[in-house]
Amino acid sequence: MSRVLRGASVALAVALAVGVSAVGASAGGVVRAADGDLRVRLEAACARIPAADQRISVAIARLDAPVDERGSLAWFEAAIERATTTGRPHIAADLERRFERLTDRRAVLDVRLGQLERIVDLCAERGVPT
Amino acid sequence: MVGVIAASSCSDTTAPPAVSPAATLATLATLATLATTATPATLATTATTATPATTVTVTVAATPATTVPSSVTSLVDAVVTTLGDLLTEAEVAEVEQALDELDLLLGEIDADLADLADVTDL
């Protein structure tokens, strides 16, 4: 190998080495997947997905259930009306507060469900079981 | 090994934009290809990519008519492979936070649905 060639090789090797070292050394930045800690944390997070997915499904099913199922949003509306017409304002007010919070949280559940699907994709891309 | 370099080095001193690991991988793959296929005309490449707060710089600099040895292209290939496996603290933290917030939300829903029999025994 000529001296010039050897010089070019060294320059490239050094540049690559410095670049990769900088990646590994960045505080709070990028590290290799094989560097353990992040990989372990991702595996732990991905392992939480099945339970989370099931809980979301149960919550959505309950909130979206028909009026005859206690705890559905439709049931809350009917119960509020019933409490009001039967002269039980405190109960009606309590149900109304719950209904408003649950209506908001039902909308957030859809957002969280989308996030969970993206996390499932990420775990799959990284080869981490869920 | 067939790549030939004939140019001085160049560099980009501007702040790099945030680039995804996939884009980083694509850039370095292009660089690896150039290193093996460049004509005698020119090969002087600085690839600068970054995630937030992280910069990766790969520089190929050579004097005229220098052939790139296979060991160098192998090194580039190794870097490409390594960067493809990178995880970031932010990426993992975002997943953890999303799952924590989901747990919290589901707990709040459970709380609102608790004791309904007591409240609504109408």
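The values are calculated or read from the model by the stated rules, or taken from the named source; none is laboratory data. Not measured: the values here are computed from a predicted model. Positions of Cβ are generated from backbone atoms using ideal geometry, with glycine treated the same way; all protein chains shown enter the neighbour counts. Calculation scope for accessible area: heavy atoms of the full protein, side chains included, ligands and nucleic acids excluded. Shrake-Rupley method; radii C 1.70, N 1.55, O 1.52, S 1.80 Å.
Here are some notes:
- The mean sequence distance of close C-alpha pairs (under 8 Å, at least 6 residues apart), as a share of the length of segment A:59-116, puts its relative contact order at 25 percent.
- Binned Cα-Cα distance frequencies in segment A:44-84 - 10 Å width, integer %: 30, 33, 22, 13, 3
- Per-residue average of Cβ from other chains inside 10 Å of B:91-101: 6
- Annotation: amide H-H contacts under 5 Å for B:Leu86 (H modelled 1.01 Å from N, sequence separation of 5 or more, or interchain): A:Ala33.
- Cα-based equivalent ellipsoid of segment A:39-108: semi-axis lengths in Å, sorted from largest, via gyration tensor: 35, 12, 7
- Take the Cα of A:Ala61, step 7 Å toward its Cβ, do the same at B:Ser70, and the gap between the two points is 6.0 nm.
- Residue-level accessible surface for A:Glu117, protein heavy atoms, 1.4 Å, Å²: 110
- Nearest-0.05 FRET efficiency for A:Asp121 and A:Glu77, computed from C-beta distance (R0 51 Å): 0.90
- The orientation-averaged projected area of the convex hull spanned by the Cα atoms of segment A:76-130 comes to 4.6 nm².
- Peptide A:117-125, shielding by other chains (average Cβ, 10 Å cutoff): 2
- Model label sites at B:Asp100 and A:Arg97, defined 7 Å from Cα along the beta-carbon direction, differ in position by 2.8 nm.
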